[in-house]
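**Student:** What follows is a single structure, and I will ask about it in a moment.
The values are calculated or read from the model by the stated rules, or taken from the named source; none is laboratory data. Here the structure is a predicted model, which is why all the values come from computation and not from measurement. Here the Cβ is made from the backbone with ideal geometry for all residues, glycine too, and neighbour counts use every protein chain on show. The accessibility values were calculated without ligands, DNA or RNA, using every heavy atom of the protein model including side chains. Shrake-Rupley method; radii C 1.70, N 1.55, O 1.52, S 1.80 Å.
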Amino acid sequence: MKVKNRKVSGVGGKGKCSLPPRVSHLTFHDIHEECGVFGVYGHPEASNLTYLGLYALQHRGQEGAGICSSDGRHMNLEKSMGLVADIFSEKRLKRLPGYIAIGHNRYSTTGSSVLKNVQPIVANFALGSIAIAHNGNLVNATELRKELEAEGSIFQSTSDSEVIVHLIAHSKGDDPYNRIVQSLRQVSGAFSLLILREKELIAVRDPYGVRPLCLGEVDGAYVVASETCAFDLIGATYIRDIEPGEMLIIGEHGLKSIKALIAPRRSFCIFEFIYFSRPDSYIFGGQNVNTMRKDFGRQLARESSIDADIVIPVPDSGVPAAIGFSEESGIHFDFGLIRNHYIGRTFIEPKQSIRHFGVKIKLNPVRKLLEGKRVLVVDDSIVRGTTSKKIVKMLKENGGASEVHLRISSPPTIGPCFYGIDTPTRQELIASSHATEEIRKYVTADTLAYLSIEGLQKIVPDSENYCTACFDNSYPISFPGEHLEQMEFFFR
Ligand code: AMP
């Protein structure tokens, strides 16, 4: 679906355009799935490896995590809110015996971060037990849920992923693979899915291939992960990606691949390269994320370099692009902002207000490097503009920079993601309603430049295979219901 960008006024929802709340009632889409999945087949320490895999994928979700294992006869599940290392003690992992396991890291925005939404989701039905771990966002889940509820399904959670479980339970026939395929043909959106049955592990990727999913091998066992950084930690070797539309059954007879689902095109998420995946990962056909980000920075320098004394990144997400920018422009690179990595979810703010407290708790400028300098600061993206505004101010007031030039290693973010990246509503995306010069004024930078969409497409091989909806409003997977209402509201 191609839609034209329509200008609306207002920064961060404070403008003239008064919009209805994005969703007035609780639906699946209160929860934005940014998740990591990991699975093992054929290893005596399946749950220990899954624990390590989830640990390496912690950046994909910090709200909660779970592991479900099978010894060929029984399944066991352990899940909690919190970080992987805090959830899984040795004692807890001992309660997950077996040679097959799947795990899930969950991220959710406010409101629905509750244990019942933490995965894997386990269900028992006519053909035995299944557990599923899902990364991605289904765009027709609300509609499917209504239909399923009308037919008598009782949902345990508000997660869109539970729809898949109910569809499988409702589907007919004796062949479990057929039931899974029939169910997945009804869902629309992004899914990199791991399904655990008593004696097998099934990996499925949506036919557009929106989220990554990789296959590896360790000690003769198969492993599947959202990103290859999870393989490195356990010494696994990357074999290949699970192909878009592929259902890979991993069981006692080895691998069985079924071309299960088809789509008119591929739509790998470009934002995995820009922000979401870890730089040491190889995704979407074995491409290194760090290399890609550095190349974005180089291209950005070719497009918008300026006379400056120092290039600094906004850590951590801006680091590779800033290095690329520095290499291409010849401007000296250094770490002018230091990040505190140990910030919990909340902190107690002192009663007496401290200037820039919110950003200072996370980042602090190195005045010695910046004082009196023309500073070029590189970040990967601007969403609402609040972070950039605070950073520019901080670099000037606390860092003593004489000028601050902001460079962004992606094009302006103008469209929300409905396929699994947590983005705010369109009205909150500053670039959906403001030109670059207006944003520059808002963030009080001396200059501001984004990577052009053409520049981005030049860097990414086979760029026509990528979803760039957040930058061009060209949504490859059409959506019914509330998403469409939201789009239509803006593009009427
Ligand atoms: P904002 O203050 O809303 O403009 O946020 C911009 C910052 O958020 C940048 O430093 C990005 O690295 C970071 N960012 C971009 N996308 C996301 C996301 N989906 N989740 C969390 N942080 C993000």
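**Student:** Please report the orientation-averaged projected area of region 36-264, defined via the convex hull of its C-alpha atoms, in nm². Walk me through the numbers before you get to the answer.
**Tutor:** Working: hull surface 45.8 nm².
Value for region 36-264: 11.5 nm².
**Student:** For region 59-180, what does the alpha-carbon gyration tensor say about shape, rounded, prolate or oblate, given a ≥ b ≥ c as the root eigenvalues, a/c under 1.5 as rounded, and a/b over b/c as prolate? It would help to have the intermediate numbers written out before the result.
**Tutor:** Details: a/c = 2.36, a/b = 1.22, b/c = 1.93.
Judged from the Cα gyration tensor, region 59-180 comes out oblate (a/c at least 1.5, b/c at or above a/b).
**Student:** Further question: Normalised by the residues of the chain, what does the relative contact order come to in percent, with Cα pairs under 8 Å and at least six apart?
**Tutor:** On the way: 1166 pairs, mean separation 75.8, N = 492.
After rounding, I find 15 percent.
**Student:** Too long at a 30 Å Cα-Cα cut-off: which of Lys94/Lys116; Lys116/Lys294; Lys94/Lys360? Spell out each step's value before the answer.
**Tutor:** Working: Lys94/Lys116 22 Å; Lys116/Lys294 40 Å; Lys94/Lys360 41 Å.
Among Lys94/Lys116; Lys116/Lys294; Lys94/Lys360, the Cα-Cα distance tops 30 Å for Lys116/Lys294; Lys94/Lys360.
**Student:** Assign unit charges at the C-beta atoms only (+1 for Lys and Arg, -1 for Asp and Glu), then state the dipole size of the chain relative to its Cα centre in Debye, rounded to the nearest 20. Working shown, then result.
**Tutor:** Numbers: 56 positive and 56 negative charges, 278 e Å.
Taking the Cα centre of the chain as origin, the dipole is about 1340 debye.
**Student:** Relative to the longest principal Cα axis of the chain, at what angle does helix 386-397 sit, 0 to 90 degrees, rounded to 10?
**Tutor:** Here the helix axis deviates by roughly 40 degrees.
**Student:** Helix 319-329 sits at what angle to the longest principal axis of the chain, using alpha carbons and giving 0 to 90 degrees rounded to 10?
**Tutor:** On a 0 to 90 degree scale, this one is about 50.
**Student:** Filter the trypsin sites (Lys or Arg not before Pro) in region 253-322 down to the DSSP loop ones having no more than 14 other Cβ atoms within 10 Å, then list what survives.
**Tutor:** Details: sites: Lys256, Lys259, Arg265, Arg266, Arg293, Lys294, Arg298, Arg302; in loops: Arg265, Arg266.
Counting only loop positions with at most 14 other Cβ atoms within 10 Å, the trypsin sites (Lys or Arg not before Pro) in region 253-322 are Arg265.
**Student:** Something else now. Taking square-rooted eigenvalues a ≥ b ≥ c of the alpha carbon gyration tensor, is region 361-452 rounded, prolate or oblate, where a/c under 1.5 means rounded and, failing that, a/b exceeding b/c means prolate?
**Tutor:** Because a/c hits 1.5 or more and a/b exceeds b/c, region 361-452 counts as prolate.
**Student:** Now a separate question. Find, among the trypsin sites (Lys or Arg not before Pro) in region 123-181, those assigned to loop by DSSP (not H, G, I, E, B) with at most 16 other beta-carbon atoms within 10 angstrom. Let's see the in-between values first.
**Tutor:** Working: sites: Arg145, Lys146, Lys172, Arg179; in loops: Lys172.
Here the trypsin sites (Lys or Arg not before Pro) that fit, given the DSSP loop and packing criteria, are Lys172.
**Student:** Mind running the shape call on region 404-463? Use the C-alpha gyration tensor, a ≥ b ≥ c as the square roots of the eigenvalues: rounded below 1.5 for a/c, prolate if a/b tops b/c, oblate otherwise.
**Tutor:** Details: a/c = 2.49, a/b = 1.16, b/c = 2.14.
Here region 404-463 falls in the oblate category.
**Student:** A follow-up question, please. Take the chain, mark every one of the chymotrypsin sites (Phe, Trp or Tyr not before Pro) that falls in a DSSP loop and has at most 12 other Cβ within 10 Å, then report the longest stretch left between them, sites excluded. Show your work: numbers first, answer last.
**Tutor:** Working: sites that count: Tyr342, Phe347.
Segment 1-341 is the longest.
**Student:** Please name which of Ile249, Met75, Ser410 has its Cα lying farthest along the dipole of the chain towards the positive end, using unit charges on Cβ (Lys, Arg +1; Asp, Glu -1) and the Cα centre as origin.
**Tutor:** Result: Ser410.
**Student:** Taking the Cα atoms only, what angle lies between the long axis of helix 176-186 and the longest principal axis of the chain, rounded to 10 degrees?
**Tutor:** Around 40 degrees separate the two axes.
**Student:** Show me the trypsin sites (Lys or Arg not before Pro) within region 329-432 that DSSP assigns to loop and that have at most 13 other Cβ atoms within 10 Å of their Cβ. Could you put the intermediate results ahead of the total?
**Tutor:** Details: sites: Arg339, Arg345, Lys351, Arg355, Lys360, Lys362, Arg367, Lys368, Lys373, Arg374, Arg384, Lys389, Lys390, Lys393, Lys396, Arg407, Arg426; in loops: Arg345, Lys351, Arg355, Lys362, Lys373, Arg384.
Counting only loop positions with at most 13 other Cβ atoms within 10 Å, the trypsin sites (Lys or Arg not before Pro) in region 329-432 are Arg345, Lys351, Arg355.
**Student:** Here's another thing I want to ask about it. Count the net charge of all other residues whose Cβ sits under 12 Å from the Cβ of Glu327, scoring Lys and Arg as +1 and Asp and Glu as -1. Intermediate values should be presented prior to the final figure.
**Tutor:** On the way: positive: Lys294, Arg298, Arg302; negative: Asp295, Glu328.
Taking every Cβ under 12 Å from that of Glu327, the sum is +1.
**Student:** Just going by the charge dipole of region 265-327, with Lys and Arg at +1 and Asp and Glu at -1 on Cβ, which of Phe268, Phe325, Ile310 is farthest out on the positive end?
**Tutor:** So the residue we want is Phe268.
**Student:** Per the 1.4 Å probe, what fraction of the accessible area of the chain, in percent, lies on carbon and sulfur atoms? Provide the component values of the computation, followed by the final result.
**Tutor:** Values: 10150 of 20000 Å².
Looking at the chain in its full context, I get 51 percent from C and S.
**Student:** To the nearest 20 debye, what is the magnitude of the charge dipole of region 36-264 about its Cα centre, counting +1 on the Cβ of each Lys and Arg and -1 on the Cβ of each Asp and Glu? Intermediate results must be reported in sequence, preceding the final value.
**Tutor:** Values: 21 positive and 25 negative charges, 54 e Å.
Charge dipole of region 36-264: 260 debye, to the nearest 20.
**Student:** For the chain, which semi-axes, largest first and in whole Å, follow from the square roots of 5 times the eigenvalues of its Cα gyration tensor?
**Tutor:** 39, 25, 21
**Student:** Calculate, for the chain, the solvent-accessible area per residue in square angstrom, rolling a 1.4 angstrom probe over the heavy atoms of the protein chains. List each step's numbers first, then the result.
**Tutor:** On the way: 20000 Å² over 492 residues.
So the chain comes to 41 Å² accessible per residue, rounded to a whole number.
**Student:** Please compute the modelled spin-label separation between Gln287 and Thr436, points set 7 Å along Cα→Cβ, answer in nm with one decimal.
**Tutor:** Label at Thr436, label at Gln287, 2.2 nm between them.
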